Amino acid sequence: PKLYLEGLWKACASAGAKFEKQKVSSLSELDGFDCVIVATGSEAACFPETQDIALTKIKGQILEFKKPANVSPLAISSQAYMIAQKDTQCVGATFERYFEHINPDIEVAKKLLLPKAEMLFPPLVEQNIVSCRSGIRASCAAHLPLIKRFPNNIWVITGMGSKGLLYHALYAQKLVLE
(Lines give C-alpha, C1' and ligand atoms only; values in the text may rest on other atoms or scores of the structure.)
Protein backbone atom coordinates (compact mmCIF):
# COMPACT_ATOMS: atom_id res chain seq x y z
CA PRO A 1 0.00 0.00 0.00
CA LYS A 2 2.98 2.38 0.29
CA LEU A 3 2.96 3.34 -3.43
CA TYR A 4 -0.82 3.64 -3.39
CA LEU A 5 -0.75 5.95 -0.37
CA GLU A 6 1.96 8.08 -1.96
CA GLY A 7 -0.20 8.43 -5.07
CA LEU A 8 -3.25 9.22 -2.97
CA TRP A 9 -1.35 11.96 -1.15
CA LYS A 10 -0.15 13.45 -4.46
CA ALA A 11 -3.77 13.58 -5.63
CA CYS A 12 -4.82 15.31 -2.38
CA ALA A 13 -1.94 17.80 -2.61
CA SER A 14 -2.79 18.64 -6.21
CA ALA A 15 -6.34 19.41 -5.03
CA GLY A 16 -4.97 21.88 -2.46
CA ALA A 17 -4.69 19.75 0.69
CA LYS A 18 -1.98 20.84 3.08
CA PHE A 19 -0.10 18.34 5.22
CA GLU A 20 1.15 19.40 8.64
CA LYS A 21 2.83 17.02 11.00
CA GLN A 22 2.86 17.92 14.68
CA LYS A 23 2.49 16.14 18.00
CA VAL A 24 -0.96 16.76 19.47
CA SER A 25 -2.06 15.94 23.02
CA SER A 26 -5.59 17.33 22.78
CA LEU A 27 -7.92 18.09 19.87
CA SER A 28 -8.31 21.62 21.26
CA GLU A 29 -4.78 22.32 19.97
CA LEU A 30 -6.22 22.08 16.43
CA ASP A 31 -8.86 24.81 16.83
CA GLY A 32 -7.10 27.15 14.38
CA PHE A 33 -7.56 24.89 11.36
CA ASP A 34 -10.52 25.13 8.95
CA CYS A 35 -11.11 21.39 9.08
CA VAL A 36 -9.23 18.57 10.81
CA ILE A 37 -9.61 14.89 10.04
CA VAL A 38 -8.10 12.60 12.65
CA ALA A 39 -7.28 9.28 10.97
CA THR A 40 -5.03 7.67 13.54
CA GLY A 41 -6.41 4.14 13.31
CA SER A 42 -6.04 2.19 16.52
CA GLU A 43 -4.88 5.32 18.36
CA ALA A 44 -8.02 7.34 17.62
CA ALA A 45 -9.11 7.14 21.27
CA CYS A 46 -5.80 8.51 22.60
CA PHE A 47 -7.03 12.10 23.00
CA PRO A 48 -8.99 13.26 26.06
CA GLU A 49 -11.90 14.22 23.79
CA THR A 50 -12.02 10.82 22.05
CA GLN A 51 -11.55 8.48 25.01
CA ASP A 52 -15.16 7.31 24.75
CA ILE A 53 -14.68 5.87 21.26
CA ALA A 54 -14.89 2.11 21.70
CA LEU A 55 -12.24 0.43 19.57
CA THR A 56 -10.96 -3.11 19.55
CA LYS A 57 -7.28 -3.43 18.73
CA ILE A 58 -6.34 -6.40 16.56
CA LYS A 59 -2.75 -7.30 15.76
CA GLY A 60 -1.92 -8.27 12.19
CA GLN A 61 1.30 -9.86 11.05
CA ILE A 62 2.69 -10.50 7.58
CA LEU A 63 5.40 -12.96 6.56
CA GLU A 64 7.67 -11.98 3.71
CA PHE A 65 9.33 -14.81 1.78
CA LYS A 66 12.09 -14.90 -0.81
CA LYS A 67 10.17 -14.79 -4.07
CA PRO A 68 10.09 -18.15 -5.84
CA ALA A 69 10.00 -18.48 -9.61
CA ASN A 70 6.66 -18.84 -11.40
CA VAL A 71 4.51 -17.31 -8.71
CA SER A 72 1.28 -15.41 -9.31
CA PRO A 73 1.45 -11.72 -8.36
CA LEU A 74 -1.75 -12.03 -6.31
CA ALA A 75 -3.71 -14.79 -4.64
CA ILE A 76 -6.63 -14.29 -2.29
CA SER A 77 -8.80 -16.64 -0.27
CA SER A 78 -11.25 -15.94 2.51
CA GLN A 79 -8.46 -16.83 4.95
CA ALA A 80 -5.35 -15.10 3.59
CA TYR A 81 -3.75 -13.18 0.77
CA MET A 82 -0.46 -13.39 -1.07
CA ILE A 83 1.07 -10.41 -2.85
CA ALA A 84 4.22 -10.39 -4.99
CA GLN A 85 6.67 -7.55 -4.55
CA LYS A 86 9.90 -6.92 -6.41
CA ASP A 87 12.03 -9.61 -4.74
CA THR A 88 9.67 -11.02 -2.14
CA GLN A 89 6.28 -12.60 -1.68
CA CYS A 90 4.10 -11.45 1.25
CA VAL A 91 1.49 -13.60 2.95
CA GLY A 92 -0.88 -12.21 5.50
CA ALA A 93 -2.34 -11.33 7.63
CA THR A 94 -3.01 -12.65 11.08
CA PHE A 95 -6.02 -11.57 13.16
CA GLU A 96 -4.71 -11.65 16.72
CA ARG A 97 -7.32 -10.44 19.18
CA TYR A 98 -5.13 -11.27 22.16
CA PHE A 99 -1.48 -10.24 22.07
CA GLU A 100 1.18 -9.08 24.48
CA HIS A 101 2.98 -6.50 22.34
CA ILE A 102 2.92 -4.82 18.95
CA ASN A 103 6.33 -6.18 17.89
CA PRO A 104 6.46 -8.93 15.28
CA ASP A 105 6.46 -12.44 16.71
CA ILE A 106 7.73 -14.69 13.93
CA GLU A 107 6.82 -17.92 15.74
CA VAL A 108 3.17 -16.86 16.13
CA ALA A 109 3.09 -15.57 12.54
CA LYS A 110 4.52 -18.84 11.20
CA LYS A 111 2.03 -20.91 13.20
CA LEU A 112 -0.90 -18.87 11.87
CA LEU A 113 0.25 -18.13 8.32
CA LEU A 114 2.31 -21.08 7.03
CA PRO A 115 -0.74 -23.36 6.60
CA LYS A 116 -2.49 -20.59 4.67
CA ALA A 117 0.60 -19.89 2.56
CA GLU A 118 0.80 -23.57 1.68
CA MET A 119 -2.87 -23.53 0.67
CA LEU A 120 -2.31 -20.54 -1.66
CA PHE A 121 1.00 -21.65 -3.18
CA PRO A 122 2.62 -24.80 -1.73
CA PRO A 123 6.20 -24.15 -2.99
CA LEU A 124 6.23 -20.84 -1.09
CA VAL A 125 6.63 -22.46 2.32
CA GLU A 126 9.95 -23.98 1.17
CA GLN A 127 11.39 -20.49 0.65
CA ASN A 128 13.34 -18.55 3.26
CA ILE A 129 11.38 -16.10 5.38
CA VAL A 130 12.92 -12.67 4.80
CA SER A 131 10.98 -10.73 7.43
CA CYS A 132 7.95 -10.57 9.66
CA ARG A 133 6.06 -7.29 10.10
CA SER A 134 3.23 -6.34 12.39
CA GLY A 135 0.72 -3.57 12.97
CA ILE A 136 -2.43 -2.85 14.92
CA ARG A 137 -5.86 -2.49 13.32
CA ALA A 138 -8.82 -0.69 14.86
CA SER A 139 -12.23 -2.28 14.73
CA CYS A 140 -15.57 -1.02 16.05
CA ALA A 141 -18.25 -3.13 17.71
CA ALA A 142 -20.49 -3.16 14.63
CA HIS A 143 -17.48 -4.02 12.40
CA LEU A 144 -18.17 -0.87 10.40
CA PRO A 145 -15.98 2.22 10.20
CA LEU A 146 -16.81 5.13 12.46
CA ILE A 147 -17.12 8.77 11.45
CA LYS A 148 -17.68 11.13 14.34
CA ARG A 149 -17.79 14.92 14.41
CA PHE A 150 -16.32 16.89 17.29
CA PRO A 151 -16.61 20.62 17.97
CA ASN A 152 -14.67 23.12 15.85
CA ASN A 153 -14.89 21.17 12.59
CA ILE A 154 -12.86 18.22 13.83
CA TRP A 155 -13.75 14.77 12.51
CA VAL A 156 -12.50 11.34 13.54
CA ILE A 157 -12.58 8.48 11.06
CA THR A 158 -11.45 5.07 12.30
CA GLY A 159 -12.42 1.45 12.82
CA MET A 160 -11.84 0.11 9.32
CA GLY A 161 -10.23 -3.06 10.62
CA SER A 162 -8.45 -5.02 7.92
CA LYS A 163 -10.43 -3.33 5.16
CA GLY A 164 -8.97 0.16 5.24
CA LEU A 165 -7.86 0.06 1.62
CA LEU A 166 -11.37 -1.02 0.62
CA TYR A 167 -13.33 1.37 2.84
CA HIS A 168 -11.25 4.54 2.92
CA ALA A 169 -12.57 6.16 -0.27
CA LEU A 170 -16.21 5.33 0.45
CA TYR A 171 -16.02 6.62 4.02
CA ALA A 172 -14.04 9.69 2.99
CA GLN A 173 -16.88 10.48 0.58
CA LYS A 174 -19.42 9.97 3.41
CA LEU A 175 -17.35 12.28 5.61
CA VAL A 176 -17.39 15.01 2.96
CA LEU A 177 -21.16 14.72 2.59
CA GLU A 178 -21.87 15.02 6.34
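The values are calculated or read from the model by the stated rules, or taken from the named source; none is laboratory data. Quick caveat: nothing in here was measured; it's all calculated off a predicted structure. Glycine gets a Cβ as well: all are built from the backbone with ideal geometry, and neighbour counts include every protein chain shown. Side chains included, ligands, DNA and RNA excluded: accessible areas come from the protein's heavy atoms. Shrake-Rupley method; radii C 1.70, N 1.55, O 1.52, S 1.80 Å.
Odds and ends about this structure:
- Dipole-positive endmost among ALA44, SER26, GLY16 within region 6-51 (Cβ charges, Cα centre): GLY16
- Neighbourhood net charge (15 Å Cβ-Cβ; Lys/Arg +1, Asp/Glu -1) for ILE83: +4
- Averaged over its residues, the chain has an accessible area of 65 Å² per residue, based on protein heavy atoms and a 1.4 Å probe.
- Gyration tensor (alpha-carbon) shape descriptor, region 1-51, a/c threshold 1.5: oblate
- Under 5 Å between amide hydrogens, built in the peptide plane, is the criterion, and for GLY159 it picks out ALA138, LEU146 among residues at least 5 positions away or on other chains.
- Dmax and Rg, reported as Rg then Dmax, of region 102-169 (C-alpha, Å): 17.4, 55
- Percent RCO, i.e. relative contact order, over the chain, from Cα pairs under 8 Å lying at least 6 residues apart: 25 percent
- Between the exposed loop cleavage positions of the chain, defined as chymotrypsin sites (Phe, Trp or Tyr not before Pro) in a non-H, G, I, E, B DSSP state with at most 13 neighbouring beta-carbon atoms within 10 angstrom, the longest gap is 99-178.
- Computed from backbone phi with θ = phi - 60° and the Karplus coefficients 6.51, -1.76 and 1.60, the 3J(HN,Hα) list for region 107-121 is 5, 5, 4, 4, 4, 7, 9, 4, x, 6, 4, 5, 5, 6, 7 Hz; x is used for glycine and proline.
- The C-alpha atoms of the chain define a longest principal axis, and helix 2-14 lies at about 30 degrees to it.
- Per DSSP, loop trypsin sites (Lys or Arg not before Pro) in region 59-90 with at most 12 further Cβ within 10 Å: LYS86
- Inter-part distance, region 91-108 to region 132-154, computed on C-alpha centroids, equals 20 Å.
- In the chain, the calculated helix contribution to ellipticity at 222 nm averages -7500 deg cm²/dmol per residue, counting -39,500 (n - 2.57) for every DSSP H run with n ≥ 4.
- Scaling the Cα radius of gyration of region 33-128 by the globular reference 2.2 N^0.38 Å produces a ratio of 1.39.
- Value of relative contact order over region 22-82, rounded to a whole percent, pairs C-alpha under 8 Å and six or more apart: 20 percent
- Quarter of the Cα convex hull surface for the chain, i.e. its orientation-mean projected area (nm²): 11.9 nm²
- About its Cα centre, the dipole of the chain is roughly 380 debye, where the only charges are +1 on Lys and Arg Cβ and -1 on Asp and Glu Cβ.
- Per atom type, the chain shows carbon and sulfur on 57% of its accessible surface, probed at 1.4 Å.
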